[in-house]
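Below: the structure, in structure tokens.
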Amino acid sequence: MPISGSTGRRRTALAVAAAAALIGSMALPATAEAHGHGQDKPKFEDLQLLAINDLHGNLEPPAGSSGTINEIDPATGKPVDPPTPAGGVAYLATALRDARQGHPNSITVAAGDLIGASPLVSGLFHDEPTIEAMNKIGLDVTSVGNHEFDEGSAELLRMQNGGCHPTDGCYEEGRTFEGADFPYLAANVTNEKTGKPLLKPYWVKNVRGVKVGFIGVTLEGTPNIVTAAGVQGLKFGNEVETINKYTAELKRQGVNSVVALIHEGGFPASSVYNYDCGAGGSGVSGPIVDIAKRLDPAVGAIVTGHTHNSYACMIPDPNGVPRSVTSAASFGRLYTEIDLKLDKRNGTIVRPSVTAANHVVRRTDAAGDLNDLIKRYSALAAPIANRPVGWISADINGRGSSALEKPLGDLIADAQLDGLAPADKGGAQVAFMNPGGIRSDLVYKASGGEGDGVVTYGEAFTVQPFTNMMKVKTLTGAQLIQVLQQQVSGSNTAAPKILQISGNLAYTLDLNKAGADRVVLDSVRLNGAPVDPNAKYRVAANEFLAGGGDGFPAFAAGTDKVDGPSDLDVFNTYLSNHSSATAPITAPAQNRIKVIKAGQTG
């Protein structure tokens, strides 16, 4: 499988071969004529799209597994070991600026989650630094993602329009946040009462006489993965219906070239960054496949996100014609280059001309203006960010663990039980943590001057940046079992969400079975004893889970709620109370969930 060189100009072999074959079959004119030098030949205009997604406010180079990319060594055909360090917005800026060279028609786009779940340097300032960074790198347009709603629609509108934070005010004297220079698109997000879109549904760019429309949507299931307060008063429509509706509207306005920016994604069969998904997109699964197959053929290219995966696919449209579908992983580690031709006769994207490839954002040349922005905000955050809160003996992986039970997930759940077990804190008897809330790893190597093994407040914040408030509720034993079953059933059937559990809970998960039956009922033990369906248990979880988020309605059915401190405060307190320089915390053993893999027996 080919990889892109450091210059970022090589295309995947599959995309180039398919494009060449299709172009040949359509008898496009020779190169000179294609650019308008023939008397009676069609004229074409080249367009470059540069795409990113799921930055999540990672301005500084991300640490641990969040800051690496899997690639193949072209000399050996084997994965590069260790993986390649990548990312950092100053390096991303340079990569994009270099990629634009020689391309007079270049548009930079994104597919959502630029902000939200951000490290401290951005998150502490309500992601104003990230919006400023996107202005500097020349972002032209983006769709919203689910995390753009973490602080509610009013805050999202402030990101677009500017103004100081309503509570925290302005962060620097004489400086007012000016908002995004680029439009946020939210075609499928409407006001429940008025039915009007929260933000613009589309944006049109005139490319030397050809109008190109960009339609932006987030996943329809956003309310299931965001706190209820974040999406209050909003309705999230179907992605396909919305994009097809606005594609038709754009065509009525004479806009026949359409690109969809969709915050929903897929799961490629390979983790290699430039995976091409195989013939007909057969090597990718997930929601984006069905979406892509149903979108109006007038949509010439689809830029996706949300799953944090990387791929450059050709998935057939409703007419069976291959169409480019891409995703650039996350955290600014990659960007996608999509090159296409616009037909100046009818204003359409010449679909056979579309080629796409992902390129690694290598840490070789940092843009000075972005470095200055990061230094400015880092200095403001330093008194808080650099404070030590604990010690670890080695890496404790969260995002970097591919296991269903993650070492850092175990540690967080233990911290939550420890902090909320006292009677005056809720009397918790067991704790659950949602895997999506673990945003990074705890890395042993020092990120600054704190020393190896020291966990700073900034590093802990990167792991748990949402500041979700903790809750303790009473669930019956039957409801507790339902929580475990809802990990692999209901809305989580197709993509299970395995909760991280405190050390006093254990059970077996049999992947040979289907749905709720995957949880082996007679294996569930709390403090070594079977869970009594009729007994009552005090259960700790963050407010997102406690409200039924991530497809866990059994949590929402709990009673006798007691409010606790934030999940970050609980985590930091645990690290401080249970570790020292001479007695650091070690990674939990990952022995709480016994997994019987498909094809294995118990």
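General observations
- Considering only beta bridges that DSSP places wholly inside segment 213-371, some 55 percent are antiparallel.
- Rolling a 1.4 Å probe over the protein heavy atoms gives the chain an accessible area of 39 Å² per residue.
- Note, ³J(HN,Hα) from phi for segment 238-247, Karplus 6.51, -1.76, 1.60, rounded to Hz, x at Gly and Pro: 5, 5, 5, 4, 5, 5, 5, 4, 6, 4
- The 3J(HN,Hα) values that the Karplus relation (6.51, -1.76, 1.60; θ = phi - 60°) gives for segment 171-187 are, in residue order, 8, 9, 4, x, 10, 10, 4, 9, x, 7, 6, 10, x, 7, 10, 9, 4 Hz. Gly and Pro appear as x.
- Cα gyration tensor category, rounded, prolate or oblate, for segment 30-165 with a/c compared to 1.5: oblate
- Using a cutoff of 8 angstrom between alpha carbon atoms and counting only pairs six or more residues apart, the relative contact order for segment 180-234 works out to 34 percent.
- Charge dipole (the chain, unit charges on Cβ, about Cα centre) - positive-most of L484, T76, A589: T76
- Computed with a 1.4 Å probe on the full set of protein chains, the accessible area for D73 sits at about 50 Å².
- Label positions at T586 and A598, each projected 7 Å from the Cα along the C-beta direction, are separated by 3.5 nm.
- Those aspartates and glutamates that a straight Cα-Cα span of less than 16 Å connects to K235, excepting residues fewer than 8 apart in one chain: E148, D150, E192, E220
- Gyration tensor (alpha-carbon) shape descriptor, segment 348-484, a/c threshold 1.5: oblate
- Axis of helix 89-100 versus longest Cα principal axis of the chain: the two differ by about 20°, to the nearest ten degrees.
- Accessible carbon and sulfur surface of segment 345-443 relative to its total accessible area, %, 1.4 Å: 51
- For segment 154-271, the residue among V259, T167, A269 whose Cα projects farthest onto the positive side of the dipole built from Cβ charges is V259.
- Qualifying aspartates and glutamates (Cα of each under 20 Å from Cα of K425; at least 8 residues distant if same chain): D414, E543, D560, D563, D567, D569
- Crossing angle, helix 567-577 versus the chain [Cα axis fit, 0-90 degrees, rounded to tens]: 50
- Pairwise Cα distances in segment 439-534 exceed 19 Å in 58 percent of cases.
- Point-to-point label distance, L521-D73, nm (Cα→Cβ direction, 7 Å offset): 5.3
- Beta bridges per DSSP, both residues in the chain: antiparallel share near 65 percent.
- Each part reduced to its alpha carbon centroid, segment 273-290 and segment 374-449 end up 33 Å apart.
- Kirkwood Rh in Å, taken over all unlike Cα pairs in segment 204-298: 15.3
- Take every pair of alpha-carbon atoms less than 8 Å apart whose residues are at least six positions apart; their mean separation over the length of segment 504-579 yields a relative contact order of 17 percent.
- Distance from the Cα centroid of segment 208-272 to that of segment 474-490 is 33 Å (rounded to whole angstrom).
- Placed amide H near R323: partners under 5 Å, 5+ positions off or other chain: I315, D317
- Within a straight-line Cα-Cα reach of under 24 Å, K513 can be paired with the following lysines, leaving aside sequence neighbours fewer than 8 residues apart in one chain: K406, K497, K594, K597.
- When only the Cβ of Lys, Arg, Asp and Glu is charged (+1, +1, -1, -1), the dipole of segment 207-257 relative to its Cα centre reaches about 340 debye.
- Overall form of segment 470-602 per C-alpha gyration tensor (a/c, 1.5; a/b vs b/c): oblate
- Residue order by solvent-accessible surface for C277, C164 is C164, C277, largest first, with ligands and nucleic acids left out and a 1.4 Å probe.
- Given [x] 50, 23, 22; [y] 42, 26, 24; [z] 57, 39, 21, the label whose value is semi-axes √(5λ) of the Cα gyration tensor in Å derived from this model: [y]
- Between the Cα long axis of helix 13-25 and the first principal axis of the chain there is an angle of about 30°, rounded to the nearest 10.
- Under the convention that each Lys and Arg Cβ holds +1 and each Asp and Glu Cβ holds -1, the size of the dipole of the chain around its Cα centre is about 1380 debye.
- Helical mean residue ellipticity (222 nm; -39500 (n - 2.57) per DSSP H run of 4+; nearest 500) of the chain: -6500 deg cm²/dmol
- Whole-Hz Karplus values for segment 550-558 come out as 6, x, 10, x, 4, 5, 4, 7, x Hz, taken residue by residue from phi with 6.51 cos²θ - 1.76 cosθ + 1.60 and θ = phi - 60°; glycine and proline positions read x.
The values are calculated or read from the model by the stated rules, or taken from the named source; none is laboratory data. Computed from a predicted structure; not experimentally measured. When we count neighbours, we look across all protein chains shown, and the Cβ atoms used for this are built from the backbone with ideal geometry, even at glycine. These area figures cover heavy atoms from the full protein model, side chains too; ligands, DNA and RNA do not enter into them. Shrake-Rupley method; radii C 1.70, N 1.55, O 1.52, S 1.80 Å.
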